[in-house]
Amino acid sequence: MNMDTILTHSPALIIAVPLLGAFLTPLISRINDKLRNVFVILTVGLTGFLVSLLSYDVLINGKIHTYVFGSQDIGSPVVRILFEVDGMNAFMIIIGAILVFVAVVYSWAFMKENTGLDKYYTLILLMAAGMFGMMLTGDMFNFFVFLEITSISSCALIAFWTNKGKAVEAGFKYIVISTIGALFILFAIAILYGQYNALNMAVLANSIQSPMTFLDKTALVLLIAGLAMKAGIVPMHMWLPDAYGRAPASVTLILVGTTQASLYALFRMVFTVYGNSLSLDAEPLRQIGEVDITLNGLLGVIIVLLAIITIIVGVLMALKQSDFKRTIAFAAVAEIGYMFLAVGAGLWAIGTTHGMMALKGGIFHIINDALDVGLLFLVAGAIYYATKETSLNKMGGLARNMKYTTIFFLIGLLAVSGMPPMNGFASKLLIYESTYLINPILAIVAILCSILLLAVFVKVFHSAFLGPKIPRFNDVKEVPKSMLIAMGLLACVIIFFGLFPDLIVNNIVDPAANALANNSNYISQIIGGP
Amino acid sequence: MITWESFLETFETGSGFWNPLIWITAIVIAFLVVYILRGYGKKEYKEKTEQIKAFLSGNPEYEKEKMHIKGSNVYWGFTESLKWIYKALEKMHTGNVSDYILWFVVIMGILFILVGVI
């Protein structure tokens, strides 16, 4: 088997490897715990290798990969699932691979004292398979299936610490929210299938033309509402602090990835599946007086409004929290708002240079947010591991005992607040500049909230790490090496992205933004055409 | 193909630019200047003397745990002045899953009116 064969089958293998690994983990667990841990790390390492192979080919060589499960003949009326990997998919699986690998390395020591780790690792791998599936599939129903796989495994992992009642409650809330969101997504898929007799995203994108039918609009509303809830957009975000706050830190890290997979799906539906109705020459939805109400303008305004509310509510709530993880969770809500703001602005000003710049800023911020917020959650987990404490009111002076963890927190703090020279600065700079050109008020709100976000984490830093040495924490030691390595890995990627933003934007972000902005390549890859 | 030169390129944002390497060089130079200036300061600090004790206007020093400002007390003035917003936000965050669904239905309804009906 040569590299070309591996590359050809990589879209399927990226799902198959963690899926197979998930079912083998309980068996290997019976032999030896260390062997199981090594096996899981190797499994996610192999998945990461496949992701890098595929992403390199898509992002650097500019190819679009398709992988067909079932009949190869597009015209035949048989059951068939199709994966299509363009720049945006490749971008997303890179995020997924980094998060899963780091989470598994972190888990080695972090979860060591827990029982039921065979189930834990099985669920982690299932969650990874589901997340990669959501990011790779080009089939609507298949997307729903992967969404459900991710939701069920996430729910079990959020409630993993069953001895803590609140974790079980958070798991319950998560599954209720996920199921209802997914049901509405399924309803939308059924509407589209009923109309066009197709489930493939490219075929649907080609079929949905301007002017849209009433059913097209209904399906779009259901998809946006369902996926926005899964992505944690205010006011549908309330499950997120509960779930992020109660899950083990390693699980929270992957949850960040699954939330972003939902955000990706939202962008894919709007820009690709409904892409033909967004183009500048598409017919307006309605004319009110002299003003044409276009779909891109209307959706852009709605998304920007939701984003601004998300940023403000997220950051204000974060400022009020006294629990370490809930503070980061609300900050994560605000960060999702930034991505949403940029993509909404890109939609609003579609076809212009600053519209494209906003889209790039939003996409760049997706990966930056995953790394920055992910690192902060791992630090919160490290503090909990060392002190068994989550309340900021009871912490203090930990920098004296946990030097490396403190440095990692500082890196995460600067990055998430958009301070130079960290990665968050470059993406937020793009967002501020492009939104300013669309409407200065948007940029002003975004900058002010970013300053508040810095204030939030300065508070956390002061409360947990600074101040006199508290006698209760005299015996607290630095966390084990595997946790430090995991946090160090994320910190290194953050610094690398921060130091070379041009390299990252040109090679990873640009292809993703171009893939979103231009759906004709995605469509022509499946059904032919120019 | 990624070249070595591409690592050093300046990031163009459309109207502006950003080069972290230049920024870091400037910061390092600034730190060096500060460090040199610091060297001219008085060297009167003596370890293991009364100098290391916290001076609280002549009042006795509290226990270590009481000295530290707790997380909830930081930005007290800010949260107090925005009490009206926080009251509304806390009312919204009930922790009840039925309310979470209610918000979902409300947003879906608004979207339906805006996109579906228009």
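Computed quantities for the displayed model
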| read-out | value |
| --- | --- |
| Gain in span if fully extended, residue B:8 to residue B:25, counting 0.36 nm per residue against the direct Cα distance | 4.8 nm |
| The stretch A:367-376 - phi-based ³J(HN,Hα) in whole Hz, Karplus 6.51/-1.76/1.60, Gly and Pro as x | 6, 5, 5, 4, 6, 5, 5, x, 4, 5 |
| Cα long-axis angle, helix A:249-268 against chain A (0 to 90 degrees, to the nearest 10) | 10 degrees |
| Anisotropy class of the stretch B:78-118 from Cα gyration tensor, a/c 1.5 cut | oblate |
| Residue A:31/residue A:113 FRET efficiency (R0 22 Å; Cβ-Cβ; nearest 0.05) | 0.60 |
| Packing-based exposure ordering (other Cβ within 10 Å, fewest first) of A:482, B:6, B:57 | B:57, B:6, A:482 |
| Violating pairs (Cα-Cα greater than 20 angstrom) within the set A:477/B:48; A:164/A:388; A:403/A:428 | A:477/B:48; A:403/A:428 |
| J(HN,Hα) series, the stretch A:238-248, from Karplus relation 6.51 cos²θ - 1.76 cosθ + 1.60, nearest Hz, glycine and proline x | 5, 5, 5, x, 4, 5, 5, x, 9, 6, x |
| Selected from A:167, A:329, A:390, residue furthest toward positive end of dipole (chain A; charges at beta carbon) | A:390 |
| For B:91, A:164, order by how many other beta-carbon atoms lie within 10 Å, fewest first | B:91, A:164 |
| Spatial separation of Cα centroids for the stretch A:493-530 and the stretch A:134-198, in angstrom | 27 Å |
| Burial ordering of A:229, A:212, fewest other beta-carbon atoms within 10 Å first | A:212, A:229 |
| Under 5 Å, built H, 5+ apart or other chain: amide partners of residue A:286 | A:293 |
| Pairs from A:394/B:91; A:173/A:230; A:63/A:360; A:325/B:70; A:217/B:91 whose Cα-Cα separation, in the structure shown, is over 23 Å | A:394/B:91; A:217/B:91 |
| Spin-label model distance (nm) - residue A:63 vs residue B:35, 7 Å beyond Cα toward Cβ | 5.0 nm |
| Distance between the stretch A:430-465 and the stretch A:16-54 - C-alpha centres, whole angstrom | 39 Å |
| Estimated FRET transfer efficiency when R0 is 35 angstrom, pair residue A:404-residue A:42 (beta carbons, to 0.05) | 0.85 |
| Placed amide H near residue A:200: partners under 5 Å, 5+ positions off or other chain | A:140 |
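Computed from the coordinates by the stated procedures, all read-outs in this text should not be read as laboratory data. Note that the coordinates shown come from a computational prediction; the quantities given were computed from them, not determined experimentally. Please note: Cβ atoms are built from the backbone with ideal geometry, for glycine as well, and neighbour counts cover all protein chains shown.
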